[in-house]
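Since the structure comes first, as structure tokens, the remarks are kept for the end.
The values are calculated or read from the model by the stated rules, or taken from the named source; none is laboratory data. In this text the structure is predicted, and so the values were computed from the model without any measurement. A quick note on method: Cβ atoms are made from the backbone with ideal geometry, for glycine too, and the neighbour counts reach across all protein chains shown.
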Amino acid sequence: MEGGSSSSELRKLVEAIKISEVVEGRAELIAKLADLQLSEQSDVKSLVESLIFLLLGTKVSIWCGKHLKMTVMSTEESPEDEHSSRFYQLLLDFLNFSAASFSTMTKYSVLVDDASLVVVEKFIQEQLNLAKDAISEIKIMDSIGAEVLKAALTVIDAVQRLCKEYLQVTDWECSGAELENNQGDMNSEQACFKNHITNITTVTIEKLFQLGILAANGGGSLVTLLNVSWKGVVSLLQLAKGKLMVHVKVADIIVTLLSLVNGSLKCAAEAWSSLKDTVSVIEARRIFLPIKFYLINAVKISLLYPSQAYMVYRDLTHCVLMISTFKLSLIHEMSMKNVSEVMTELLEKTSLDLLSSVLNSADVKQEFKYELLDWLFSDNFWSDDFNENPVDKCRTNSMDEILSASCEATPSSRAFILGRVALFSSFLRYSFDLEEQIKLGIARKLGWFMNIIIDEEVYSLILASQIPVLLVSGKTVELTWEPVFSSLLHALKTFMVVVSSTLAWEELKSFLVNNFLHPHFLCSEITMELWCFLVRHAEIELVIGIIDELCALMNLVASLESVFVPDSSLRKIARAVCMFLTFSTSSVVDHVYSSVMADERSQLSPVIYSALLLEGFPLTSLSQNMRSIAKEKIVTDYFGSIDSFDDKSLIVSSSEVGVPVLVLSASLQSLQVNISDIDAKTLKFLVAIVCGYRNSTDKLHKEVFCKLLSQTLGIISNLSHLYSSDEIEKVILELHDLFVSGPAASDSLLYQCKPALALFMAGLSNVSMMESDNCAKSSAVWGLYHMLLREQHWAFIHLSIKAFGYFAARTSCNQLWKFVPQDAALSYDLESGNDVNEERFMLEFKAFLEKEVALPAVTYSADQQGPLLEEGLVLKQKVRKISDINLEAASCDRMEIDDENQSKKRRKLPDGINKGVELLQNGLKVIGDSLTQWHPNQIESAELHDKFLTHFSSLENVIAHLVGLSGSV
């Protein structure tokens, strides 16, 4: 009876309170209610009274929310300070009352039936609504605003603690469906209670979500609310994991966080668009710390609900690509250097974690993960418009282009092309954090990586730019600027180590093999770097197996002609083998040398041997005994070649004559040859070559002499003792007559010899000269240097100046001005190219010599971008053409295959063809024997003899090909 009396009295008091009277100063009624609540001790009375208080609180909060809007409107039109201040004080008192109510509810349950559950849910919703409304208008509350904000935050915190308390003490073994349908072993009260907790947690998360957006849009004035709201969302989602999937739209929360990131980036871009001063580190961190905060919360939620995150994977990838591309767009602006560094420090790893939260999750199907990777690294951006000027379409995109790109257009948008490369590099660098299947997926995208770096914009970025990179060593993290090329290589090598014992290793090996002879030089360089890295760290057995397979491959592509072509498949493979051997042990080098020389089964063994030596076979790495054998063979072959050069019949086999000379020239520095009788023979050989070139009228002969001349000049330039020989003067005079005063001076073929001539001229510092106009040797040297220094091609300028610099630094000559012509290339002004000034040559010469020291770092220059874009476009066109040819050839091959065993069959040629080829061989032998016995003694007969030799050489090559065809089919 006592409890009923008290409850009745309480209800009367509640009904007696009018909102208008509260405003008039009747707040003592609320105090009286509080006193009554504290004085009553009966549990039943307490529960009833508490519910009535919650009803009253709900009523008051609704009224306060409405009156707050009215007060704001009235304050804008006609301010009434006294009314507003009294209302704001009431609002403050009520918020404090609400916070106290939640604290009491945490300690004492007020839930007894369905009606009480509804009352509590309504009360919580209205208190959160009022807190949100109060915070929204906090700026107009003047001095009391800070207190109101503090009280509102207290309410928010109290609601969170209440939800956490309920979530932690509740048994959630039954599924959500059972809760809603009241099935299973639970009684109706348990089902209702759990449903109630779900409802209040859902509404709390929604309100915290809204408050988080409000705080983010507050411009930094609501940092505390930003922290409380979003951390509250994450913590409640974590506690309620698996219980709120139907009730809370987690995907929308993630998208909102990403939109806050994008919005912050756009605001920063607008603020910096017209800024000329350097952005400080403090300012950059002020901008990007909130962005990192949004990303971290998005990562946490995605880790908790990966399936929901996958639903918006396009938004995830769009946001991450925007960050990556945004950073790269700033690296060339000195005023934004700090911004790039801060973005790398704060956002790079966190943005990658956002994608990893989906890719590493066991809750997301494997095909969905690969779909995400395909969306990120798609080839849909390719453009075949080769007629467009690459400088005009330079896509070092502006902020607006990057930030305005739509999410749906991500795969085909070129705005993100550089960001994709940077993101792929990040995946490689942090691949140790990825699960096995994702490592496999990334390995399968290495082909995409090779395709994208061929793009002219990416090509120019890799060769001419630097980016900030985080280097982690233990607990130490250091930020440094690295060339993009070095950074990419480091990332690829890291990936190789990470996947070395995983399923992705086979995919990686296939990638290395497929790109071994890539036609684009940048792709080829990257592939060779990776091969060398593998050879340096692999077991010896594996290295020997790789090199043996490459040597076997050389047998398939080798031919005598291919030795002289630097870009032939034979020379490329040989170059790779030599690179690998430089990182191998002496036993491995000995093994390769012995296997090549001992392969008597192959007639192409000498060809492969020559190709290896021309590409820098590491002779110094051979064992002492093997090195002596190699040296003796090279020198013996060389002497045998030049000794037989006078024999006219050797014109037929000119290639065989040139190979030993070429091999000695390439091997001299390794062999350290110093043989006394090499002096006269080599110098006489050079004179014979010069005379042969000058007197020859056949283009084929001239080409042979040209090759021999270049290689012999190279040999002499490496043997300084040859310059002290008595024969050197005759060599200098012959070279002057050939290059300067003779009729062949204008021959275009001689351009091929000028690089070697420049090397030879550098060594003339060892030659004594009289420096007199009457000295033929001095005049010839001056003439040769005049000819070289007049060359205006940039490559010749470099070579000639380098040679002259070496000569000038070591010669005993005093009148160096005589070596420089008045119209030297460096004497012209750079602007018009018309004005000639000798003093300008000396200034440019001095600057050139000072630049000989390598630059300590790659520095970006806007002038480099145009030429690199044009160069990249040309290379891309060539690669596309080669690819098209390969596809057509593959298509033709497929058309010829009748069945899987067709390749093993030998097609039978008609007997007449085989018989005809045999007759041709016999006839060729008869003609050859006759030519060796023909010794012409008249001019006309000599000319006829030479013509026969020329045609015979061509006929010999044709018949050799016919023999090969008839034997291979």
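Gly242 passes all but one of (1) modelled with pLDDT under 95; (2) at negative phi; which number fails?
(2)
Can you run down the residue pairs with Cβ atoms below 9 Å, 6 or more apart or on separate chains, where the first is in region 138-154 and assigned by TED's automatic domain parsing to the domain that holds Ala215 and among the β-branched types (Val, Ile, Thr) and the partner is exposed (fewer than 15 other Cβ atoms within 10 Å of the Cβ) and not in a helix (DSSP H, G or I)?
Ile138/Ser221
Output the residues belonging to region 403-459 that are among the basic types (Lys, Arg) and farther than 24 Å from Asp353 by Cβ. Show your work before the answer.
Initial filter on region 403-459 (among the basic types (Lys, Arg)): 414, 420, 429, 439, 444-445.
Hit for region 403-459 is Arg414, nothing else.
Inspect all residues belonging to region 764-771 and state whether any of them is over 30 Å from Asn837 (Cβ atoms) and of a type in the set (S, T, N, Q).
Taking every residue of region 764-771 in turn, at least one turns out to be over 30 Å from Asn837 (Cβ atoms) and of a type in the set (S, T, N, Q).
Every residue in region 499-527 that is among the hydrophobic types (A, V, I, L, M, F, W, C) and either surrounded by 20 or more Cβ atoms within 10 Å (Cβ to Cβ) or closer than 30 Å to Gln877 by Cα (or both), please. Steps first, answer last, please.
Going residue by residue through region 499-527, those that are among the hydrophobic types (A, V, I, L, M, F, W, C) are 499, 503-505, 508, 511-513, 516-517, 521-523, 526.
The answer is Val499, Ala504, Leu508, Phe511, Leu512, Val513, Phe516, Leu517, Phe521, Leu522, Cys523, Ile526.
Can you report the number of residues in region 358-406 which are modelled with pLDDT of 80 or more, touching a Lys or Arg at 6+ places or on another chain (Cβ under 6 Å) and not in a helix (DSSP H, G or I)?
1
Of the residues Thr325, Thr344, which single one is closer than 30 Å to Gln238 by Cα, out of contact with any His (no Cβ under 7 Å at 6 or more places or on another chain) and β-branched (Val, Ile, Thr)?
Thr344
Going by what's in this entry, would Lys231 be described as among the charged types (D, E, K, R), closer than 16 Å to Ile301 by Cα, in a loop (DSSP other than H, G, I, E, B) and in contact with a helix residue (DSSP H, G or I) (Cβ under 8 Å, 6 or more places away or on another chain)? Spell out how you get there, then give the answer.
Details: among the charged types (D, E, K, R): yes; closer than 16 Å to Ile301 by Cα: yes; in a loop (DSSP other than H, G, I, E, B): no; in contact with a helix residue (DSSP H, G or I) (Cβ under 8 Å, 6 or more places away or on another chain): yes.
In short, no.
Can you tell me which residue within region 291-333, out of those that are part of a helix (DSSP H, G or I) and hydroxyl-bearing (Ser, Thr, Tyr), is farthest from Trp481 (Cα to Cα)?
To start, the set of residues in region 291-333 that are part of a helix (DSSP H, G or I) comprises 291-304, 306-311, 313-328.
From what's left, hydroxyl-bearing (Ser, Thr, Tyr): 294, 302, 307, 310, 313, 317, 324-325.
Working: Tyr294: 27, Ser302: 32, Ser307: 37, Tyr310: 34, Tyr313: 31, Thr317: 26, Ser324: 16, Thr325: 17 Å.
Per the criteria, the residue is Ser307.
Which numbered condition trips up Lys207, out of (1) under 37 Å from the mean Cα position of the chain (by Cα); (2) over 17 Å from Phe326 (Cα atoms)?
(1)
So which of Asp726, Asp737 ends up being of a type in the set (Asp, Glu), out of contact with any strand residue (DSSP E or B) (no Cβ under 6 Å at 6 or more places or on another chain) and in a loop (DSSP other than H, G, I, E, B)? Even if it seems obvious, please write down each step before you answer.
Numbers: Asp737 fails: in a loop (DSSP other than H, G, I, E, B).
Sole residue among the options that is of a type in the set (Asp, Glu), out of contact with any strand residue (DSSP E or B) (no Cβ under 6 Å at 6 or more places or on another chain) and in a loop (DSSP other than H, G, I, E, B): Asp726.
Residue by residue through region 693-721, note down the ones that are over 46 Å from the mean Cα position of the chain (by Cα), within 18 Å of Leu662 (Cβ to Cβ) and either at pLDDT 85 or above or among the aromatic types (Phe, Trp, Tyr) (or both).
Result: Tyr693, single match.
To keep it simple, each residue is scored yes or no on (1) out of contact with any Gly (no Cβ under 9 Å at 6 or more places or on another chain); (2) charged (D, E, K, R); (3) within 30 Å of Lys876 (Cα to Cα).
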site	(1), (2), (3)
Leu530	yes, no, yes
Arg536	yes, yes, no
His591	yes, no, no
Arg627	yes, yes, no
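In the list Leu226, Leu222, which residue meets the criterion of being more than 24 Å from Leu354 (Cβ to Cβ), surrounded by 18 or more Cβ atoms within 10 Å (Cβ to Cβ) and not β-branched (Val, Ile, Thr)?
Answer to the check: Leu222.
Mind counting the residues in region 773-817 that are within 46 Å of the chain's Cα centre (by Cα) and not charged (D, E, K, R)? Before the answer, list the steps.
So the first thing to find is which residues in region 773-817 are within 46 Å of the chain's Cα centre (by Cα), and the list is 785-810.
Still in the running and not charged (D, E, K, R): 785-789, 792-801, 803-809.
Residues meeting the conditions: 22.
Among Glu456, Glu436, which is the only one that is surrounded by fewer than 20 Cβ atoms within 10 Å (Cβ to Cβ) and not hydrophobic (A, V, I, L, M, F, W, C)?
Values: Glu456 fails: surrounded by fewer than 20 Cβ atoms within 10 Å (Cβ to Cβ).
After ruling out the rest, the residue left standing is Glu436.
Please give the helices (runs of 4 or more DSSP H) falling wholly within region 520-628 in which 2 or more residues are of a type outside the set (Lys, Arg) and over 29 Å from the mean Cα position of the chain (by Cα).
Values: elements: 521-537, 540-557, 569-582, 586-597, 605-614.
Those helices (runs of 4 or more DSSP H) span 540-557, 586-597, 605-614.
So which of Asn195, Asn187 ends up being modelled with pLDDT of 80 or more, of a type outside the set (Asp, Glu) and over 19 Å from Ala99 (Cα atoms)? Reasoning before the result, please.
Numbers: Asn187 fails: modelled with pLDDT of 80 or more.
Going through Asn195, Asn187 in turn, just one is modelled with pLDDT of 80 or more, of a type outside the set (Asp, Glu) and over 19 Å from Ala99 (Cα atoms): Asn195.
Does region 314-327 contain at least one residue that is farther than 19 Å from Phe293 by Cα, buried (at least 24 other Cβ atoms within 10 Å of the Cβ) and in contact with a helix residue (DSSP H, G or I) (Cβ under 9 Å, 6 or more places away or on another chain)? First the steps, then the outcome.
Of region 314-327, the ones farther than 19 Å from Phe293 by Cα are 314, 325.
Okay, now just the ones that are also buried (at least 24 other Cβ atoms within 10 Å of the Cβ), so 325.
Now narrow it down to the ones that are in contact with a helix residue (DSSP H, G or I) (Cβ under 9 Å, 6 or more places away or on another chain): 325.
For region 314-327, residues farther than 19 Å from Phe293 by Cα, buried (at least 24 other Cβ atoms within 10 Å of the Cβ) and in contact with a helix residue (DSSP H, G or I) (Cβ under 9 Å, 6 or more places away or on another chain): present.
Please go through region 755-789 and give me each residue that is part of a loop (DSSP other than H, G, I, E, B) and touching a residue at least 40 places away in the same chain (Cβ under 8 Å), ordered by number.
Initially, region 755-789 is screened for residues part of a loop (DSSP other than H, G, I, E, B), giving 767-775.
Across region 755-789, the qualifying residues are Val767, Ser768, Met769, Glu771.
Only residues in region 406-418 that are more than 14 Å from Leu376 (Cβ to Cβ) and among the hydroxyl-bearing types (Ser, Thr, Tyr) count as the first member; pair them with residues that are outside any helix (DSSP H, G or I) and at pLDDT 80 or above, Cβ under 8 angstrom, at least 6 apart or cross-chain, and list the lot.
Between residues of region 406-418 that are more than 14 Å from Leu376 (Cβ to Cβ) and among the hydroxyl-bearing types (Ser, Thr, Tyr) and residues that are outside any helix (DSSP H, G or I) and at pLDDT 80 or above, the close pairs are Ser406/Ser413.
Pairs only if they're at least six apart or on different chains, beta carbon under 9 angstrom, first in region 632-646 and closer than 9 Å to Pro660 by Cβ, second assigned to a helix (DSSP H, G or I) and of a type in the set (Gly, Ala, Ser); list them, first residue then second.
Ile634/Ser667; Ser641/Gly658; Ile642/Ala688
Please find, among Arg906, Arg840, the residue that is surrounded by 10 or more Cβ atoms within 10 Å (Cβ to Cβ) and either modelled with pLDDT under 55 or not polar (S, T, N, Q) (or both).
Criteria check complete, one pass: Arg840.
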